[in-house]
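The values are calculated or read from the model by the stated rules, or taken from the named source; none is laboratory data. What you are looking at is a predicted structure, and each value in this text was computed from that prediction instead of being measured. Here the Cβ positions follow ideal geometry from the backbone for every residue, glycine too, while neighbour counts run over all protein chains shown. We work out accessible area using only protein heavy atoms, side chains counted, and drop any ligands, DNA or RNA first. Shrake-Rupley method; radii C 1.70, N 1.55, O 1.52, S 1.80 Å.
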Amino acid sequence: DASALLEKHFAGAPGPFDVQTSELTALGRRAVLVSESNKPTSDARPIAIVVGDGGAVLWSKEHPVAGIMAPVGPIAIAAAPLGRVALAACDPPTSIVALRLWDDDGSPFADFQALSGVESCDALSLLYWPGQGWLIVAARPGVTRARLVKENGAPAWGDGLDLGVRSRPGMVAAPNIAADTDDSFVLVQLAQPSAEPSSPFHALAFRYDTRGNPIWKAAVDLGALPKPPLPGERVKLAPTSPGVRVTLPSGVELDLRPSGDVVTRPRAR
């Protein structure tokens, strides 16, 4: 099973581990990406696993970034059509973000150059947007860069667009993305709206259309955080109806409507 595979792969490493999961388009299947925390990707021994109902391992990739020039930056996993799996990998030596697809049986399907001109990359998010393609968002100090890759591999949005917030050195605002409708998506980042070094961090939300054009005139402030986020700490996004559900690092849950209205959900008792 997956536990035995992970124990063998990491050979008794004590952890902690970073875990990403994505529900696949094949019913009952889920992709899991596991790597050692607080290490560069090239040293973190990432492994990609696809499991079916009951947790049975259907296939795995013990070297998911094989063939990408080291040192590899952040990586992210997502679904793809026909039960396939997508992996995005930031590759500073070549200044690109690569998009890799595996077929539903784990065999290689395609590799694309998803985003170019990325000299560095501190945080990365990947979203499969049915009917649109893959949305790749990379953040580094000074810029959050995004591009849409169509399902046929054709790039959209020219050379990419600058979205969201400009992160400061030492505190990169990791991007979090979710489609809230068939033709719009939401980006949420944790950042300091004020230039004062001791000012509180806020969760800031942006909404864009399929061309990357902003729908809201300004960011929607989801509120101040009780304490600064840890490096790379993210919010959690989940599509709801209508809009997306946002879970902040503090555990507070919000429903963000397409109108920009915010509804705070009561805490479970």
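Ordered by packing density, taken as the mean number of other Cβ atoms within 10 Å over each peptide's residues, highest first, how do 240-249, 149-158 rank? Mind dumping the intermediate values first?
Working: 240-249: 17.9, 149-158: 14.4.
Ranking, from highest mean packing down: 240-249, 149-158.
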*Quote the relative contact order of the range 155-236 in percent (integer), defining contacts as alpha-carbon pairs under 8 Å separated by 6+ residues.*
28
*Which of the peptides 1-7, 60-66, 171-177 is most tightly packed, and how do the rest follow, judged by the mean count of other Cβ atoms within 10 Å per residue?*
171-177, 60-66, 1-7
*Roughly what would the spin-label model give for Val19 and Ser250, points 7 Å off Cα along C-beta, in nm?*
2.7
*Determine ³J(HN,Hα), in whole Hz, for all residues of the range 190-205 in sequence, where each value follows from phi through the Karplus function 6.51 cos²θ - 1.76 cosθ + 1.60 and θ = phi - 60°; x replaces Gly and Pro.*
9, 8, 9, x, 8, 7, 5, x, 8, 6, x, 7, 10, 8, 10, 10
*Stretch Lys39-Ser116 to full length: gain in nm at 0.36 nm per residue minus the Cα-Cα span?*
25.3 nm
*Once you treat every alpha carbon in the range 107-221 as an equal point and sum by Debye, what is log10 I(q)/I(0) at q = 0.12, 0.13, 0.23 Å⁻¹?*
-0.42, -0.49, -1.35
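On alpha carbon coordinates alone, what is the Rg over Rh value for the range 41-91, Rh being the Kirkwood radius?
On the Cα set of the range 41-91, Rg over Rh gives 1.00.
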_Solvent-accessible area of Thr41, probe 1.4 Å, all protein chains present, reported in Å² to the nearest ten, please._
20
*Segment Ala238-Ala11, extension gain: residue separation times 0.36 nm, minus the distance between their alpha carbons*: 78.4 nm
*When all C-alpha to C-alpha distances in the range 191-269 are sorted into bins of 10 Å, what percent of pairs does each bin hold, rounded to whole numbers?*
17, 47, 31, 5, 0
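Hey, got the dipole for the chain? About the Cα centre, +1 on K and R Cβ, -1 on D and E Cβ, debye to the nearest 20? Numbers along the way, then the final one.
Values: 25 positive and 28 negative charges, 117 e Å.
Taking the Cα centre of the chain as origin, the dipole is about 560 debye.
Once you compute Rg and the Kirkwood Rh from C-alpha atoms, what is the Rg to Rh ratio for the range 1-153? Mind showing how you got there, number by number?
Working: Rg = 14.8 Å, Rh = 15.6 Å.
That ratio is 0.95, to two decimals.
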*Between Asn213 and Trp59, what FRET efficiency comes out of the Förster formula 1/(1 + (r/R0)^6) with R0 = 51 Å and r the beta carbon distance, rounded to 0.05?*
0.85
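Given 0.36 nm per residue, what is the gain on full extension from Leu82 to Asp182 after removing their alpha carbon distance, in nm?
Details: separation 100, 0.36 × 100 = 36.00 nm, distance 1.85 nm.
Extending this stretch completely gives an extra 34.1 nm.
What does the charge count near Thr41 come to, summing +1 for each Lys or Arg and -1 for each Asp or Glu among other residues with Cβ under 13 Å from its Cβ? Before the final figure, lay out each step's value.
Values: positive: Lys39, Arg45; negative: Asp18, Glu36, Asp43, Asp91, Asp122.
Local net charge: -3.
Would you mind getting the accessible area per residue of the range 156-269, heavy atoms of the protein chains only, 1.4 Å probe, in Å²?
Numbers: 6230 Å² over 114 residues.
For the range 156-269, the solvent-accessible area averages 55 Å² per residue.
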*Estimated vicinal HN-Hα couplings, Hz - the range 179-186 in sequence order (Karplus 6.51, -1.76, 1.60; Gly, Pro = x)*: 7, 9, 9, 5, 10, 7, 9, 10
*How would you rank 125-134, 196-205, highest first, on the average number of other Cβ atoms within 10 Å across their residues?*
125-134, 196-205
*Of the accessible area of the chain, with the probe set at 1.4 angstrom, what percent is carbon plus sulfur?*
51
*For the chain, taking Cα atoms only, what is the radius of gyration to one decimal and the Dmax to the nearest whole Å?*
18.1, 51
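Given contacts defined as C-alpha pairs under 8 Å and at least six residues apart, what's the relative contact order of the chain, whole-number percent? Intermediate values should be presented prior to the final figure.
Numbers: 649 pairs, mean separation 23.9, N = 269.
Relative contact order of the chain: 9 percent.
Tell me, what is the per residue accessible area of the range 59-102 in Å², probe radius 1.4 Å?
32
Val262 to Ala195: FRET efficiency via 1/(1 + (r/R0)^6), r the Cβ-Cβ distance, R0 41 Å, to the nearest 0.05? Numbers along the way, then the final one.
Numbers: r = 25 Å, r/R0 = 0.60.
For Val262 and Ala195, the calculated efficiency is 0.95.
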